[in-house]
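Derivation of every value follows stated rules applied to the coordinates shown; laboratory data play no part. Just so it is clear, the structure is predicted and the values come from calculations on it, not from any experiment. Ideal geometry is used to build each Cβ from the backbone, glycine not excepted, and the neighbour counts take in all protein chains shown.
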Amino acid sequence: QVQLVESGGGLVQPGGSLRLSCAASGILFSTYSMGWYRQAPGKQRELVATITNSGNTNYADSVKGRFTISRDNAKNTVYLQMNSLKPEDTAVYYCNAHRIFAYWGQGTQVTVSS
C-alpha cells in the first residue's frame, strides 16, 4: 500500500519560511520522480517543483529563486523549502510520486497572511 504523508504546513507571515516534508512508503522511493503541487481555492492544481530520481529539478516560474525541492533517499522523504513566502502562495500543497503510475498525498495547508 502506497502512502505519501505530508507535514510542515501552517500559517506564516509574508516574507516568512516553511519547510514541507513528504514521507513515502510502499514504493521503491529512489526510483521515483517526486513533486510538489498546490491548489488554491477556486483554482486548478498546479505544479510547484519536481525532482527526478537522479536529482534533476524543475520549478514553476512563480517560485523560482524562492523554493527549493530536495530528497533524502535514505529517509524516503522529499522536502520543499519555501522562503520569501507571499500571500499568493496560499494553497493546499500536495506531494506526488511518479514512475509508471502517479500517487498523491492528502495535502497540507499553507496560509500566508499577516
* **Expected-Rg normalisation [2.2 N^0.38 Å, Cα atoms] applied to region 21-65** => 1.31
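Restricting to Cα atoms and excluding each atom paired with itself, what does the Kirkwood estimate give for the chain in Å? Working shown, then result.
Details: mean 1/r = 0.0717 Å⁻¹.
Here the Kirkwood hydrodynamic radius works out to 13.9 Å.
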* **Per-residue HN-Hα couplings for region 29-46 [Karplus 6.51, -1.76, 1.60; θ = phi - 60°; Hz; x = Gly/Pro]** => 3, 5, 9, 9, 6, 10, x, 10, 10, 9, 9, 8, x, x, 10, 7, 5, 10
* Structure fact -> Once the in-chain neighbours fewer than 8 apart are removed, the aspartates and glutamates whose Cα is under 15 Å from K86 read D61
* Structure fact -> HN-Hα couplings for region 105-114 via Karplus (6.51, -1.76, 1.60; θ = phi - 60°), in whole Hz with x for Gly/Pro, come out as x, 8, x, 9, 7, 10, 10, 10, 7, 8
* Once you charge only the Cβ atoms, +1 for Lys and Arg and -1 for Asp and Glu, what is the size of the charge dipole of region 21-91 about its Cα centre, to the nearest 20 debye? -> 40
* Using alpha carbon centroids, what distance separates region 17-58 and region 65-95, in Å? -> 8
* Hey, can you grab everything whose amide H is under 5 Å from the amide H of G107? Only 5+ residues off in sequence or another chain; H modelled, so Pro and N-termini drop out. => E6, C95
* Could you grab the relative contact order for region 75-114? Cα pairs under 8 Å, six or more apart, rounded to a whole percent. => 40
